[in-house]
Ligand code: P6P
């Protein structure tokens, strides 16, 4: 356990001491990610003052309208990670192909998948957004890893985390030994440890789903939400509250702090457009699932553990049901009954 008030920099260095074979590469990479997130935090907090709001006038590989900040934050992340020799390649929601480093840049033993600004459409209406990242090992002896090298199941992640740009800016990370939370102190420019060994309550009375899709949901989701809405008089015997921020980072953070269940399930509308789900596996569902499981929660597609999925493509989408263990297990049971 660490002293509350430890800086992220101190925490990373102390953690490195626990790994006798540590080379400092991982320490350096986490520090670079921290730098990128601090730069993004500075931009999100200035918003209209620095002209970063609004549409970029382009689409990403997903066919989604890109916001200016999608592109700006993607560039901030690349610039922070490509110069210091800790990574061999990057993959981002905002880039169709794997990002191979320019020939003159040193390579390192890790690869990072990231969503530089998840929920970016919230930027224009000043609602919380976040950066999501996942760290995996790079293949040995490859100057330029390919998309195939990124096809690693969530269980192989070395670390995962997010930075939430909300009323306060918080970095939340796991390296496989629990979940720790750091709050950005802008006066000294350091992330400060404010919560450690986070544990999600196994039960909850709060669900998060985009109910405008209700007519498209499959029977298990219809049943689960209907029972929640019946409240204390219904089969659940208790009342539920609902939240929907349209920013996965904010939803996951709320669940880590007080429990809950977040659902972006498959549905008839998604399947009609050839999609398994809305959220992307490698840089949204996988890293968030690692955090949730490390905090004692559960994360499935409704049918299988997300961390076990063998990816088949870089921007693969999956259904997501994550949060308080007992609720996720109940909804998963409804799917498999
Ligand atoms: P909808 C943001 O675009 C995102 O990827 C997640 O952060 C969020 O949970 C979800 O999509 C919101 O989807 O359909 O409500 O806009």
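Run through the DSSP bridge list for segment 206-336 and note the antiparallel percent, rounded to the nearest 5.
So the antiparallel bridges in segment 206-336 amount to around 70 percent.
Give me P(r) over segment 8-195, computed from all C-alpha to C-alpha distances, binned every 10 Å, as integer percentages.
9, 37, 37, 16, 2
In what sequence, highest mean first, do 266-272, 24-30 appear when ranked by Cβ atoms within 10 angstrom?
Packing proxy ranking, top to bottom: 24-30, 266-272.
Tell me, what is the FRET efficiency for residue 10 and residue 243 to the nearest 0.05, using R0 = 45 angstrom and their Cβ-Cβ distance as r?
0.85
Please give the length that would be gained between residue 2 and residue 305 if that part of the chain were fully extended, namely 0.36 nm times their separation in residues minus their C-alpha to C-alpha distance (nm, one decimal).
Full-extension gain reported as 106.0 nm.
May I ask you to derive the relative contact order of the chain, considering only C-alpha pairs under 8 Å and at least 6 residues apart, and to give it as an integer percent?
So the answer I get is 16 percent.
Given the DSSP H assignment, sum -39500 (n - 2.57) over each helix run of at least 4 residues in the chain and divide by its residue total; what's the result at 222 nm in deg cm²/dmol, nearest 500?
Counting only the DSSP helices, I get -8500 deg cm²/dmol.
Output the peptides 306-318, 210-222, 77-89 sorted from most to least packed, where packing is the average of other Cβ atoms within 10 Å over each peptide's residues.
Result, highest mean first: 77-89, 306-318, 210-222.
How far, in nm, would the chain grow between residue 140 and residue 55 when pulled straight, counting 0.36 nm per residue and subtracting the alpha carbon separation?
Extra length available between residue 140 and residue 55 comes to 26.7 nm.
Compute the normalised compactness of segment 230-335: alpha-carbon radius of gyration over 2.2 N^0.38 Å, N being the residue count.
Ratio of Cα Rg to 2.2 N^0.38 Å: 1.07.
Label 7 Å along Cα→Cβ of residue 25; segment 113-135 residues with amide nitrogen under 14 Å?
Once the point is set 7 Å along Cα→Cβ of residue 25, 135 turn out to lie under 14 Å by backbone N, inside segment 113-135.
Residues of segment 296-337 with backbone nitrogen within less than 19 Å of a virtual label 7 Å along the Cα-to-Cβ line of residue 210, please, listed as ranges.
Answer for segment 296-337: 300-302, 315-323.
Hey, fewest Cβ within 10 Å first, where do 111, 257, 242 land in order?
242, 257, 111
Hey, what angle do you get for helix 8-17 against the long axis of the chain, alpha-carbon based, 0 to 90 degrees rounded to 10?
Approximately 80 degrees, to the nearest ten.
Looking only at Cα atoms, what is the convex hull volume of the chain per residue, in Å³?
Considering the Cα atoms of the chain, their hull volume per residue is 137 Å³.
No value in this document is a laboratory result; all are computed from the given coordinates. Since this is a predicted model, take the numbers as computed values, not measurements. Using ideal geometry, Cβ is built from the backbone for each residue, glycine included, and neighbour counts are taken over all protein chains shown.
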